[in-house]
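Values quoted throughout were computed directly from the atomic coordinates according to the rules given, and no laboratory measurement underlies them. Fair warning: this is a prediction, and the values are worked out from it, not measured in the lab. When we count neighbours, we look across all protein chains shown, and the Cβ atoms used for this are built from the backbone with ideal geometry, even at glycine.
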Amino acid sequence: MGMKLNKELPLPANLKNEYPLSREIISLKERRDREIRDIFTGKSDKFVVVVGPCSADNEDSVCEYLSRLSRVNEKLSERLMIIPRVYTNKPRTTGEGYKGMLHQPQPDKAPDLLAGIIAIRRLHIRAIEVSGMTCADEMLYPENRSYLDDLLSYEAIGARSVENQQHRLTASGMDIPVGMKNPTSGDFVVMLNSVIAAQKSHNFIYRGCDVTTGGNDLAHVILRGGVDKYGTCIPNYHYEDLVRLLEMYEKLDLQNRAVIVDANHSNSNKKYKEQIRIVSEVLHSRGYNPELKRLIKGVMIESYLEEGNQPIGERHVYGKSITDPCLGWDDTERLLYKIAENC
């Protein structure tokens with residue numbers, strides 16, 4: 001095989017023993033998980049906001065961002081369920097570029113996966129400690145989620161992974177909400193098929209074991225826009241798109257119908273400031289149509305300390321994205337208050 005074995009990585013159970021959770025974190029996660037479940041099952045009318053950097057590239061700047069977010073959460077928690085976006089795995093369309101903290105704990109240094117799995121566990125623990133909130137991450141590698149499964153309260157499956165069998169089956173064994181993004185083509189059928197698969201029980205191989213899952217009744221969809229065959233972005237957050245999704249959902253025998261609208265990516269054509277307008281339009285659609293209000297459970301926003309993005313290099317700006325461009329903090333804070341007023 002054309003594959004070189006670099007080093008054997010520790011089992012998730014061993015890493016968890018080395019970096020254990022406090023009783024306070026365990027209790028906090030149980031409470032947050034219950035609150036989030038109540039939103040997706042319709043028992044609570046809080047509005048979900050998954051918000052944070054495109055990529056969690058630096059522990060200190062991410063935690064500074066989360067400490068600011070925590071202060072806003074204290075004032076808005078009656079209306080919003082803020083779930084910090086702490087994405088430590090990054091998909092790359094061509095396989096090139098920064099793949100996240102899991103691969104490169106230091107973005108300007110060579111990949112080190114052993115250091116990476118330690119770094120992402122330490123980051124998520126510290127994130128909870130500084131913010132009092134459990135977080136979201138992307139399930140890029142299904143078998144790697146075992147390093148973080150006791151910490152996360154929300155997971156997303158990306159546009160490039162949503163058709164993958166192992167992602168779908170692994171999602172069926174999770175006990176937290178998992179959002180299935182529409183593929184890069186924008187296809188709703190593929191996205192909904194993923195939800196169908198994730199809500200069912202399956203028997204398959206996971207981390208070398210024969211496992212059976214119970215099905216995840218909190219699996220739902222995330223609209224992130226699509227790209228046509230010419231490379232043109234096609235948004236899918238407009239009222240007509242949401243009604244079409246509702247009609248398709250109603251024809252399926254699925255539990256806890258829900259959608260999160262991703263305001264960036266192909267919905268904004270990566271024009272990060274457009275997220276403010278897009279969120280406002282989604283809230284308007286939700287307020288106009290009672291059925292959409294029940295369906296649309298929240299939004300996803302890419303945001304960091306500093307707006308925009310930057311290349312990896314010597315002139316590094318602290319708290320500025322090194323992947324997709326993000327809203328800056330001031331715009332984010334204003335937007336969160338606006339969401340709380342209008343959701």
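Assorted remarks:
- Members of Lys99/Lys297; Lys46/Lys338; Lys4/Lys90; Lys99/Lys320; Lys271/Lys320 lying beyond 18 Å, as alpha-carbon distances in this model show: Lys99/Lys297; Lys4/Lys90
- Calculated mean residue ellipticity, 222 nm, the chain: -12000 deg cm²/dmol, from DSSP H runs (n ≥ 4) at -39500 (n - 2.57) each, averaged per residue and rounded to 500.
- Extension gain, Glu35 back to Lys7 (0.36 nm per residue minus Cα-Cα distance, nm): 6.1 nm
- Amide H within-cut-off set for Asn309, under 5 Å, with H built and near neighbours excluded: Cys326
- Under a model in which nothing but the beta-carbon of Lys, Arg (+1) and Asp, Glu (-1) is charged, the chain shows a dipole of about 140 debye around its Cα centre.
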